[in-house]
Amino acid sequence: ANFTRLPATSRYCIAFRTGAAAVAALAGLTIDTGDLSPAFDPKVFNYSTTAPPGTTAASLDFIPGPMLSSVSIQGVPVALDWSRGAARNNAHTVTRLTPGWNIIAVEVTAPNGFSLTSYTVDVFVASPCPKGHPKKPPAAACLLSLSPDVGPVTGGTRVALQFPAGQLPVSGNCWWCSPNYNRFQPAINAKNPVCNFGGRKVTAEYENWSSTSIVCYAPPWDGAAAVDVTFSLDGTTFSAAGGRFFYHAPYSPGNLTTAPSTLRVATQFDAIVPLTGPSFPSSYKNFAALPAQCRISYMGTTAALYIPPSGNSTTPSLRCRPVLWSYMSPGTYNLDVSINGFDFVPVPQPITFLPRDSSANEMSYTWFQSPGSKLLPATDAYCVGYDISPEADNATLYNLGLGRLDMKPAYSADVHFYSASAPYDARVLEVAAAPAAAGATVVVNGRALAGMCANGKFGNNVITVPVLYSGVQTFTVEVTALNEINRAVYTISVDVAPEPPSVPCPRGYAPQPPGFACLQSLSRGFGPTAGGTGVVLRFPWGQAPPALGNWMYGQQSAGPTKPPVCSFGDSRVVGSYFGDGIFCNAPALVAGSGSQTVPVTFSLDGVKFSTSGANFTYYSPFSATSFDPPLGSVSTGSIFEATILLDKLVYLDNAVDAAAVSSSASCNCDGVTTPATYLPPGGNRSQPALRCNTMATSAGNLYLRVSLNGFDYVTVQTPINVLPSDGAWQSPNRYEPTAAARMLAPGLCVGYAAGPGTADASLRGLELSPGATMLPSFAGSVLFYTAQVGWDVRQVNFTVVPNVVGATVSINGAPLGVSCAGGAIAGNVFSAPVLFTGLNRFTIVVTALNGFSQATYQVDVYAAAAPVAAACQRPYAAQPVTACLRSVTPGLGPVSGGTQVRLQFPPNQLPLGPATWYNQWTFGTGVKRPVCRFGALTTVGTYGSDGVSITCAAPAWPDKFRPETVPVSFSLDGSTFAELGATYTYHSVFQAGPVLGLPSPAYTGYPLPVVVPLTGLIFPANFSTTDLLTTSAECTLQGGGGPAATYLPSHNDSTGPALSCTVLVPWYYPDFYWQTSWTLAVASTAKNSFPCNNQSASRVPTSRSTTDGTI
């Protein structure tokens, strides 16, 4: 290296003193607040003392050691005078002492200028005894009324308990409306009041904008009943009597009648809505006092009259006078009704408003009067007393400290949140607190402070708490005033430094309050018994676990997670996280037949499920047969109303909640999806029906599709004749699936561990022994490793150390009992046999404390082959891959066989990948051909060149007059078949034709809607999914591709089934091919075509040599 040698002269030196000049010490130290503990010794550097209450300053006298030493106190230099050979001016006053611990730092610098010694004096300033005050007669809060006093048995009704002005001890945050606002400090909270509904207690709250009411939500109840509602301000002492609350059974609104029948924007009208089911307890008689209301699409409520059953009417009804305000647009809206002014139920029948009448006068509206609340008697039985002595509501602290830790900010009575830092080796913390008012109680993390007064000092006000965790630990100091109502909560967050990596069993992080995912709504609560309905379980904003990385909330994923699990009755399915909720496909109904309602619960970790949940109702397969009344021709771009009859009662219990079905039902016409209303049987209609307003965008014979849940659709068998229109197009109300979710009662929750480290599923250490070195070197963020061992190694040992204590570890499915005791880790070594030559794969799964965050590490250990061939050479490991059948296309075909059936699989599961340009000549050679099994019949198939499919020709069915639906399975080796499979339906050979509905003449370039009768088509007796045919049926023209066709089980112009389709001969065909006639063929599946003809049933069905079907 290059360097420059300097000359040996004093110019490059610094002189310093040694000996006594290098000593930095004090010869004496006293403080005027009291004696030091221990007694002063120059070699002892830490002291403590106590000071009486109210001390704000302390004077320190000190004697420096060696002459010319310098001293600073609290960082401020003391101006010592050494002019007479000894130090003078050696006293210093420290100010700004506060109750609790005060640390005074004294630093001594030796005469040499750089030797330094530090002394500390910890001064504890005691707290004074809080002064008492003479008591006054207690005040009382007396209940005036309940509003409303009725609600459904499902619970959730918002009930307001009214009190006279000035009687409640705590007002709302409303200075302009509170007579006792000056007594209420916004930073001081109060205990939540409690309501007691007939023995069921619920937490209440003081109404935020009023000083005269308490609000609580009625709990669910078992059947219609009348219960007394009492209240408590401190959660302990309840009023002796209370108001009466009446639970009623749920109800469903029927179709409303309006006067006038034609409604306009900004014009008031009369509405009468019949109700089914609001069963009240027998003791309820005052129906005239019901605070009933109605509203139009959440816009402005109006009072309504409840009309009990009377005369010829066997059901009650509501009458109101609503109005759609002038700033709203004309169109279709829904009316909501409520018999208590809070719980609204939608009327299933939509109402349509025309544009506003310019002559309408908005000032001429008249309304029904809402009845007032029933007042309770003015007796003491409805009252609860509380202390109003001076300082009885004072829940502040005189002081708050955290031992010798520096708490920030400094304590102030109106500051409620503090923080501090502690070193990693801290084992205990001291929390000191003293109340400002006599009689107030202090609780620290659930432990009461045993404070007491003696000699004017408040003692025993320190609680020692252990430091059990690294990271942030929260200490909650709760002060309850003498009146036992007012309270203040102070929070101290202490960040304890994590222990260094050298500690093998580090302290975990402090447990935080658990997170909760609470099921708020369920979209698509109805589905067919065949299963497959996409159900969405939604949660409130921000409740999805942070580890999931929900982009809607800006959360970053902490790593992979277990998939959630949904339970439909006794059947469980694996779901996926979806936005703010969980998506699951409903399983097929296993037990029973017809409609059945099952509970739906969920789990985040696959183990712990919610104890209750929503319901999912399975309905029987149905057909949509016709329109009632029949539809005439409609025009493109025009909205029309359609009422579609369903062929049978799809629900086992016909008293199904029609409003709930209507919340998700929909129609789809020509790609436009609109909401629909479910109409149970009633009146002159013995069948259920769906009603919707929809629109067609293209001309021709179109088929409407309907759904009860917005997911599973059925095609209406009667076509709609749509004519072209040049007029202005209208815009229907489009269907929004998220609007279909119904809010559920609170409490359907699953808890999970939250806070620092709970989602950490990483490892701190991973080692492999003996004789094996992992590559690359271990790092917590690296998940894949390899290692090599000799041919004679029969066993390897894994040593794992989770990054967070409490995380669980499994290796190749075997759990390890990792534990920490006394700072030592145990149960973290796993011995695994090396069974194979070559690859031995070990999968290490770490599950975090929350139960669902996971990390998966993979270690591939390669064992060398034996040097000399042996008779019992260790085999190579089999690497299992599962091929899972995803779909079968098509799902039906003729009994004559030959249908090319395609079995679809996920990528990378079949033994052959996709054919490419470099292997297409040898694709599939040297590999057994797969085998398909149709019932008991087998046929050899081929691998598709796409690498994800197997194609087999369906074998002929032996009984050509009795087709059946058979299970379809497959085998890759010809012997091992999948246990479960799809189904394949055989149908009879049929004839097609003649073509019906052809215009004469027919022109090229124009769509031709036609119907083709099918003669001799027979399905198995138990085959009911006829809508499946529409998904695969086709019309083909002259052997080329063609449009999809709709299967009609029956048709007006034929006695049997038929196919309907619209074909088009392009205008350029005749000029290009010099042909003027074209043969039409129809297909029951996408692979099997049959010509239109009038020949006998013995004709070969695949022949195209016919002229009876020409166009």
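Restricting attention to segment 430-443, the residues being more than 38 Å from the chain's Cα centre (by Cα) and closer than 25 Å to TYR469 by Cα number 4.
Taking the residues in segment 763-775 that are over 13 Å from ASN828 (Cα atoms) and either touching a Ser or Thr at 6+ places or on another chain (Cβ under 9 Å) or among the aliphatic types (A, V, I, L, M) (or both) as candidates, determine which candidate is surrounded by the most Cβ atoms within 10 Å (Cβ to Cβ). Only one residue tops the list, namely ALA772.
For segment 945-977, name all the residues that are assigned to a loop (DSSP other than H, G, I, E, B) and in contact with a Gly (Cβ under 6 Å, 6 or more places away or on another chain).
GLY947, ALA954, PRO955, ALA956
Considering segment 753-847, the qualifying strands (runs of 3 or more DSSP E), each wholly inside and each with 3 or more residues that are aliphatic (A, V, I, L, M), run over 763-769, 795-802, 824-826, 838-847. Only residues that are in contact with a strand residue (DSSP E or B) (Cβ under 7 Å, 6 or more places away or on another chain), under 12 Å from VAL861 (Cβ atoms) and not hydroxyl-bearing (Ser, Thr, Tyr) were counted in segment 827-843, giving 9. Quick check: anything in segment 381-390 modelled with pLDDT of 85 or more, outside any strand (DSSP E or B), outside the structural domain of THR302 (by TED's automatic domain parsing) and over 30 Å from TRP325 (Cα atoms)? Within segment 381-390 (the criterion being modelled with pLDDT of 85 or more, outside any strand (DSSP E or B), outside the structural domain of THR302 (by TED's automatic domain parsing) and over 30 Å from TRP325 (Cα atoms)), the answer is yes, since at least one residue qualifies. Looking at SER297, SER317, just one residue is among the hydroxyl-bearing types (Ser, Thr, Tyr) and at pLDDT below 85, and that residue is SER297.
For (1) assigned to a strand (DSSP E or B); (2) under 30 Å from ASN486 (Cα atoms); (3) not assigned by TED's automatic domain parsing to the domain that holds VAL347, each residue gets a yes or a no:
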position: PRO219; (1), (2), (3): no, yes, yes
position: ASP222; (1), (2), (3): no, no, yes
position: ALA226; (1), (2), (3): yes, no, yes
position: VAL229; (1), (2), (3): yes, yes, yes
position: ASP234; (1), (2), (3): no, yes, yes
position: ALA241; (1), (2), (3): no, yes, yes
position: ARG244; (1), (2), (3): yes, yes, yes
position: THR258; (1), (2), (3): yes, no, no
position: SER261; (1), (2), (3): no, no, no
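Among the residues of segment 508-523, are any of a type outside the set (S, T, N, Q), in the same structural domain as ASP605 (by TED's automatic domain parsing), part of a loop (DSSP other than H, G, I, E, B) and at pLDDT 85 or above? Within segment 508-523, none of the residues are of a type outside the set (S, T, N, Q), in the same structural domain as ASP605 (by TED's automatic domain parsing), part of a loop (DSSP other than H, G, I, E, B) and at pLDDT 85 or above.
Across segment 397-421, which residue is nearest to THR55 (Cα to Cα) among those that are part of a loop (DSSP other than H, G, I, E, B) and in contact with a strand residue (DSSP E or B) (Cβ under 6 Å, 6 or more places away or on another chain)? Among those that are part of a loop (DSSP other than H, G, I, E, B) and in contact with a strand residue (DSSP E or B) (Cβ under 6 Å, 6 or more places away or on another chain), it is TYR411. For segment 158-166, the count of residues that are basic (Lys, Arg), outside the structural domain of THR50 (by TED's automatic domain parsing) and at pLDDT 80 or above is at least one. Per the conditions (1) out of contact with any strand residue (DSSP E or B) (no Cβ under 6 Å at 6 or more places or on another chain); (2) within 30 Å of ALA292 (Cβ to Cβ); (3) in contact (Cβ under 8 Å) with a residue 24 or more places away in the chain, the sole criterion not satisfied by TYR424 is (2). What do you reckon, is GLY451 in contact (Cβ under 8 Å) with a residue 24 or more places away in the chain, under 25 Å from ILE103 (Cα atoms) and buried (at least 17 other Cβ atoms within 10 Å of the Cβ)? Spelling it out, it is not the case that GLY451 is in contact (Cβ under 8 Å) with a residue 24 or more places away in the chain, under 25 Å from ILE103 (Cα atoms) and buried (at least 17 other Cβ atoms within 10 Å of the Cβ).
The number of residues in segment 727-752 being in a loop (DSSP other than H, G, I, E, B) and modelled with pLDDT of 70 or more comes to 1. Restricting attention to segment 263-280, the residues being modelled with pLDDT of 90 or more, under 25 Å from THR154 (Cβ atoms) and in a loop (DSSP other than H, G, I, E, B) number 0.
The residue that is farthest from the chain's Cα centre (by Cα), among those in segment 295-318 that are part of a strand (DSSP E or B) and surrounded by fewer than 16 Cβ atoms within 10 Å (Cβ to Cβ), is SER310.
The values are calculated or read from the model by the stated rules, or taken from the named source; none is laboratory data. As the structure is a prediction and not an experimental result, all values here were calculated from the model. Using ideal geometry, Cβ is built from the backbone for each residue, glycine included, and neighbour counts are taken over all protein chains shown.
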